Amino acid sequence: MKRTYWIITVSVLSTMLFLTAYQSISDDQEDPFDTPRTVSQNPSTVPLSPEASLKTFRLPKGYHLELVASEPMISEPVALAWDGNGRLYVAQMETYMQTVLATGQDEPRSRIMLLEDTNGDGKMDKSSVFIDKLLMPRAILTVGKELLVNETNSYDIYAYQDTNGDGKADKKRPVFKSTRKAFGNVEHQRSGLDWNLDNWIYETIDPIRFRYKNGVLKADTLPVASGQWGLTHDDYGRLFFSRAASGIAASGFQINPAYGQLDFTDAFDKDFGQVWSAIKTPDVNGGPKTLRSDSTMFGFTSICGQSVFRGDRLPKSMFGDYIVTEPVARIIRRANIENKDGKILLSNVYHQDEFISSTDMNFRPINTYTGPDGCLYILDMYRGIIQESTWAQPGSYLYNQIMTKGLDKNTKRGRIYRVVYDGIKPGSAPTMLREPTAKLVTYMAHPNGWWRDNAQKEIIVRNDKSVVKSLKQVALGQKGPLPETPSEVARLHALWTLEGLEAIDKPLLLTCLADKEPELRKAAIWISEPSIRNNDSQVLAKLDELKNDTSNDVLSQLVLSLSYSQSEKAKDIVKAILEKHNQNVVLTSIEQTLTKAKEAKQLGSSRLQALNPADRKLVGEGAQIFTSLCATCHGSQGQGTPTKIAPHLAGKFKLLENRDEVVKIMLHGLTGPVDGVTYHEMMPPMGTNSDEWIASVLTYVRLELGMQSFPEMSSGYMNNFVIVKPEQVKKIREQTASRTKPWTWEELFRERDELRKAKK
């Protein structure tokens, strides 16, 4: 026992000694780059070798890229996940856009590779096909000795395990099953599976999150869906999504999606939406109108793959920064995250420049990660075409760019890089899966967030209650198993690990609600929500003592968490907070968000009451489709987006008046000005989806967003004119089967006038 404690102490001390040395290195400097940013006007589209491609990158002084893996070891990589022993799983979409028409894309020929670095030099030298014959795997998460996998076109999630140590999965079991087929094209289906600090597993696109319990995933429905490709969290459990179609680099980070959606347009610095490529970017969806005079794209269009860097082997000034990729611009953005009076703000670290840029036309970064070695990892799909076929139809601007430049010729490649820094040696690989649970508790204090996250996850998956006493000591700020007093972040992980073990008792909760650290008080409020729902008088009394708290984060969490209670006590606490802070934009906006969500739910329920069960189901399906797919461009409530990427749909929108016209748009798309207004993107065709799919989303839009256009509210009126039936979609699909291009606004209204004349 003494020997084990001695080993743990030495391990933690050595980590702390390194952290002291690491903190002395900073990359803060007035001129961060060796050379000024220039734009390559004649980039070659011919694929480069990994070694040649490395020479095309431009990074700040002191930073370098190292190749971790490349083809033929990997092919078309889209997502990474390390297990507790540092083995790397790579999800590959090997049928994605192998031709400009996406030939064979829905064939189950993709794989997940298992890579290992056997000599510790940072380069993968051993590989095996962990899972074969998958349909474009898109979301992966390691849980203990298993890998959770979600494939394209499916909501099902399976756990795979290698039981005999040959590097290949030989055991498969379901952990989440759904009778529904996933909707949307490849770009607009879920990603993520991010085990957050709060022990919920989040994903993008779908308004759902999961809790891993007894070997299965239990689903919880969220009021909103967020993001597209990529999902991350910071030290405090704030989730960061991104919305590529809207050109929004980050969203959803002000409040947890369990409470709704709150975004501020002033959460970014003035020019945050602009990108600064080192290469001309003609292959952008929006075409020439989205390019500057130097042929570089003006703003984000395919933002994705974000992470908050939480490693310990890059300069201290980079810790906690937001990292996000833009594969069309061939750049990676680095942004500072600032908490100003409770509002989270993002700003580009480099003025009119980017953290990483490349002149390699085939550099397609789509994901970033903090690795177990404390470095930043970049996943490069390295291919010619990055956009899905929906946006590259024959006759489109993008199709012509792809074909004339031969971008369709580069497939079946991929690279993984890690960012390193002069004078800082990457860390060693973990061995968590072989270590006792008591040792995992010491990693609550590890300077690398990857270790803290995975230690928390592993303890909860093991459900080992033997460490509850030690975790409580750490959560309360006592040394316990640690040689030094734990930091605020270490205490947070210990507290949430106890929550995951269902080992939070009331004395501990009440003590943490009165803690001197605001983030501990905030977490304790968050964790107390089951007691709030049950109107626990003792807990509510303690929360009442926090209504005059000096921390904006604590006050915000109080307003959010107390929304789960209808008791007068809870309402009085919230009222007192809002009256005292009536000029606080974060608190007042939270109140408005919660109120709108409640009103929308009540209004929606009243409209649904007038429908028969089949039509109510149709609206429900349509609501999920709209919030996870359409809201990206049209706004969560159909109000449009600040970037004006697509028309608003709320209220009296002309095309909602005519069922046949909106069906035509869904089937074949819409291009050009809409009612005299030019938008950033065309409406892509959605005709590859089923008649039921199109009918459901249109019924939801017409009923819930466009009711101002339909003054009569009787059930008969709604059933005859508002509801869109699958058979009606089928009829119009057959009538327009020969159409191969999107509609225009003028064309649709011209048809309407001709029909009126014919009737006369």
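Here are a few things to note about the model shown:
- When Gly427, Gly414 are checked against the criterion of being closer than 30 Å to Ile459 by Cα, surrounded by 19 or more Cβ atoms within 10 Å (Cβ to Cβ) and of a type in the set (Gly, Ala, Ser), Gly427 stands alone in meeting it.
- Residue pairs whose Cβ atoms lie under 7 Å apart, separated by 6 or more positions or on different chains, with the first residue in the range 354-375 and free of Cβ contacts under 8 Å to residues at least 40 places away in the same chain and the second part of a loop (DSSP other than H, G, I, E, B), are Arg364/Pro327; Arg364/Met381; Arg364/Tyr382; Arg364/Arg383; Arg364/Ile386.
- Of all residues in the range 420-460 being under 25 Å from the mean Cα position of the chain (by Cα) and of a type in the set (Phe, Trp, Tyr), the one that is farthest from Pro315 (Cα to Cα): Trp451
- Among the residues of the range 575-587, those identified as within 17 Å of Asp549 (Cβ to Cβ), assigned to a helix (DSSP H, G or I) and either within 32 Å of the chain's Cα centre (by Cα) or touching a residue at least 12 places away in the same chain (Cβ under 8 Å) (or both) are Ala576, Ile577, Leu578, Lys580, Val586, Leu587.
- Residue among Thr221, Thr204, Thr142 that is surrounded by fewer than 20 Cβ atoms within 10 Å (Cβ to Cβ) and of a type in the set (Val, Ile, Thr): Thr221
- Test: residue in the range 681-698 that is among the acidic types (Asp, Glu), modelled with pLDDT under 80 and either touching a Leu at 6+ places or on another chain (Cβ under 8 Å) or outside any loop (DSSP other than H, G, I, E, B) (or both): no
- Filtering the range 285-310 to residues that are without any contact (Cβ under 8 Å) to a residue 60 or more places away in the chain and aliphatic (A, V, I, L, M) leaves Leu291, Met297.
- Hits in the range 388-445 - residues which are closer than 20 Å to Trp229 by Cβ, outside any helix (DSSP H, G or I) and among the aliphatic types (A, V, I, L, M): Ala392, Ile416
- Taking the listed residues Val308, Val349, Val324, Val328, the one that is closer than 26 Å to Ser428 by Cβ and of a type in the set (A, V, I, L, M) is Val308, with no other qualifying.
- For the range 387-402, taking the residues that are farther than 15 Å from Glu187 by Cβ, touching a residue at least 12 places away in the same chain (Cβ under 8 Å) and not small (Gly, Ala, Ser), the one that is surrounded by the most Cβ atoms within 10 Å (Cβ to Cβ) is identified as Ile402.
- Just one of the listed residues (Ala267, Ala249) is in contact (Cβ under 8 Å) with a residue 60 or more places away in the chain, in contact with a Leu (Cβ under 6 Å, 6 or more places away or on another chain) and among the small types (Gly, Ala, Ser), namely Ala267.
- Residues of the range 157-194 satisfying the condition of being closer than 20 Å to Trp693 by Cβ and touching a residue at least 40 places away in the same chain (Cβ under 8 Å): Phe183, Gly184, Asn185, Val186, Glu187, His188, Gln189, Arg190
- Tallying residues that are of a type outside the set (S, T, N, Q), in contact with a strand residue (DSSP E or B) (Cβ under 6 Å, 6 or more places away or on another chain) and not in a strand (DSSP E or B) within the range 146-167 yields 1.
- Note on the range 67-103: residues that are under 30 Å from Thr688 (Cα atoms), among the small types (Gly, Ala, Ser) and modelled with pLDDT of 95 or more amount to 3.
- Here Leu611, Leu546 are screened, and the one residue that is modelled with pLDDT under 95, outside any helix (DSSP H, G or I) and more than 28 Å from the chain's Cα centre (by Cα) is Leu611.
- Out of Thr404, Thr411, Thr390, Thr359, sole residue that is under 25 Å from Val90 (Cα atoms) and either modelled with pLDDT of 95 or more or assigned by TED's automatic domain parsing to the domain that holds Ala244 (or both): Thr411
- Residue within the range 281-301 that is assigned to a strand (DSSP E or B), surrounded by 19 or more Cβ atoms within 10 Å (Cβ to Cβ) and in contact with a His (Cβ under 8 Å, 6 or more places away or on another chain) present: no
- Filtered residues of the range 310-337 (kept if surrounded by 21 or more Cβ atoms within 10 Å (Cβ to Cβ) and over 16 Å from Glu354 (Cα atoms)): Arg310, Gly311, Asp312, Arg313, Leu314
The values are calculated or read from the model by the stated rules, or taken from the named source; none is laboratory data. This one's a predicted model, so the numbers in the text were calculated from it and none came from an experiment. Ideal geometry is used to build each Cβ from the backbone, glycine not excepted, and the neighbour counts take in all protein chains shown.
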